[in-house]
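Colleague: If you scroll down you'll find the structure; I have some questions about it.
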Amino acid sequence: MPSPPPAPPSSWRASAEAAVRRLAAITGVGVLLGLLVGGIGGRLAMLLLARLNPEATGVTSDDGFRIGQFTVPDTLNLLVVGYALGLIGAGVYALVRVLMIGPRWFQVLSVAGGPAIVVGSMIVHTDGVDFRLLGPVWLAIALFVAIPGVYAALLTLLAERLIGVDGWAMRARFPVVAALLVLWAPLAPALALLAALWAALEALRRSHRLARPLAHPAVPWAGRASLVVVFLLSLIDLTQDAVALT
């Protein structure tokens, strides 16, 4: 006899509180890592490449920064970008973390590899000046592939520790944890979308007619297969750009 579908939480309130705690903790870690790894790490990567290519000093990069000239406004702009990307990364992680499988080391490697290739393929390009003036090309590509990979690896390690059964996010007072959601203020519509998506999925999961189909193992595997397709397409694109640049 097939096993019954897993029972839903005792109440909508309990389920919503658990979801808020998870998202808030992931958001806090994501923004912090966005500032440190994306903002400061990206600044250090550009500093290294600028020092290796003094002839490019003063040239405007594809992102509007002047290579080799590190001004306060440019640094602040980069931190703002790191904040926004860290926030978006946190939202994506909150959505896909349910698809993680295997031991922690495999989860970290698989989660880190996805953004490294997918985001790296978006950053690395053959147009413009960034990857044509700043060499060695292999180092420039490696740095900007590593940054999103390191971000995702650290996000997985730190966020999962916080939202574990004995993690801070599950033990601390709810208002204290939930306050971290204020970090979504610049992207409030995205937070509203996440909330609406969660509510829809929770309603489907609580439906007596749909709970069993949604609990079928094929559902998460279909999601993992979709992510693998995105990864492979991005890997092909990144490889083609790397070959063209070198």
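Just so you know, all these numbers are worked out from the coordinates, no wet-lab data involved. The shown structure was predicted, so the numbers you read here are calculated from the model rather than taken from an experiment. Using ideal geometry, Cβ is built from the backbone for each residue, glycine included, and neighbour counts are taken over all protein chains shown.
Colleague: Return the distance in nm (one decimal) between the two label points of a simple spin-label model at LEU36 and THR71, each offset 7 Å from Cα along Cα→Cβ.
Modeller: Here the answer is 3.0 nm between the modelled labels.
Colleague: Highest GNM mean-square fluctuation, the chain, Cα pairs closer than 10 Å: which of VAL72, VAL119, VAL37?
Modeller: Evaluated over the chain, the most mobile residue of the options is VAL72.
Colleague: How much length is gained if the chain between ARG104 and ALA218 is pulled fully straight, taking 0.36 nm per residue apart and subtracting their Cα-Cα distance, in nm to one decimal?
Modeller: Extending this stretch completely gives an extra 38.8 nm.
Colleague: Under a plain spin-label model, where a point goes 7 Å from the Cα along Cα-to-Cβ, how far apart in nm are LEU157 and LEU48?
Modeller: 1.7
Colleague: Let me ask another. Sticking with the crude label model, points 7 Å out along Cα→Cβ, report the distance from ALA203 to SER226 in nm, one decimal please.
Modeller: Distance between the two pseudo-spin positions: 1.9 nm.
Colleague: Estimate the FRET efficiency between ALA244 and ILE88 by the formula 1/(1 + (r/R0)^6), using the beta-carbon distance for r and 22 Å for R0, to the nearest 0.05.
Modeller: Efficiency, from the Cβ-Cβ distance: 0.20.
Colleague: Right, here's the next one. Any idea what angle helix 12-33 forms with the longest principal axis of the chain, computed on alpha-carbon atoms, 0 to 90 degrees, nearest 10?
Modeller: 10
Colleague: Angle, helix 218-245 long axis vs. longest principal axis of the chain, Cα atoms, 0 to 90°, nearest 10?
Modeller: Once rounded, one gets 0 degrees.
Colleague: Quick one: which residues, 5+ away or cross-chain, put their amide H under 5 Å from the amide H of ARG66? H built at 1.01 Å from N.
Modeller: Correct list: SER61.
Colleague: Per DSSP H run of n ≥ 4, the term is -39500 (n - 2.57); total these for the chain, divide by its residue number, and report the mean residue ellipticity at 222 nm rounded to 500 deg cm²/dmol.
Modeller: -22500 deg cm²/dmol
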